[in-house]
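Enquirer: The structure's right below; bear with me while I get my questions together.
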Amino acid sequence: MNDLVVKCVTKDNLLENISNIATVVISFINLLFIITIYFKDKKNEKSEKLKNYKYDWFKMIDVRKRVDNLNNLNMTIKQKADELYNDSEDSLEKRNDIMANTLSEINSVMFSEKNSFTYILKCIDVSENVEITKLYNDYQEEYMNVLLMAKAKEEFDISKLVDLSSKISEKFYIFGINLIK
């Protein structure tokens with residue numbers, strides 16, 4: 001009788017072998033799954049850290065201040081263009097001097113404005129820096145046109161300046177949204 005029990009325990013059983021093989025295969029699949037999830041999490045964590053890092057730098061730009069500065073610059077340009085347009089001075093030389101002083105004042109504000117974000121934006125995303133700098137350059141070109149028209153005592157319109165200000169604000173907004181997605 002003892003021989004029978006021993007024979008049952010030691011006898012090769014097909015079901016037991018299949019069960020053992022299935023256990024090994026399932027364990028291997030679980031191991032691969034865990035390793036895959038681990039590396040995917042590491043990659044996502046690294047990506048998330050980089051995104052947070054860039055967003056922290058983006059916050060240093062202070063977009064609200066950029067928008068306020070552009071709005072103030074629009075008002076200043078409008079005021080200076082009105083003064084130049086309404087100035088009673090007819091001498092071209094004197095009007096050129098007034099224009100030069102006005103441009104000097106506005107250019108210094110514009111230069112300061114562009115420098116306040118350019119170095120930060122270059123660190124975050126060079127292509128975005130190029131696009132926003134191009135919009136600022138277009139803005140500069142447009143206010144030059146407005147002031148030249150005012151100097152020539154021609155009617156001028158600052159609506160393009162306001163549109164460019166809106167485009168710049170929108171570009172900052174979209175860039176910020178893309179950073180937090």
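Enquirer: How far is helix 159-180 tilted, in degrees, relative to the longest principal axis of the Cα atoms in the chain, given as a value from 0 to 90 rounded to the nearest 10?
Expert: Around 20 degrees separate the two axes.
Enquirer: Hey, what's the Kirkwood Rh for region 79-181 if you take every pair of different alpha carbons, in angstrom?
Expert: On the way: mean 1/r = 0.0659 Å⁻¹.
Kirkwood radius, region 79-181: 15.2 Å.
Enquirer: Among (1) 0.94; (2) 1.58; (3) 0.97, which one is Rg/Rh (Cα atoms, Kirkwood Rh) computed from these coordinates?
Expert: Computing Rg/Rh (Cα atoms, Kirkwood Rh) and matching it to (1) 0.94; (2) 1.58; (3) 0.97 gives (2).
Enquirer: What is the angle, in °, between the Cα long axis of helix 63-86 and the longest principal axis of the Cα atoms in the chain? Nearest 10 is fine, range 0 to 90.
Expert: That helix lies at roughly 20 degrees to the long axis.
Enquirer: Which of the pairs 114/151; 43/167; 80/134; 51/160 have their Cα atoms more than 29 Å apart in this structure?
Expert: 43/167; 51/160
Enquirer: Rounding to the nearest 10 and keeping the result within 0 to 90°, find how far the Cα-based axis of helix 92-124 lies from the longest principal axis of the chain.
Expert: The angle comes out at about 10 degrees.
Values quoted throughout were computed directly from the atomic coordinates according to the rules given, and no laboratory measurement underlies them. Note that this is a predicted model, so its numbers are computed, not measured.
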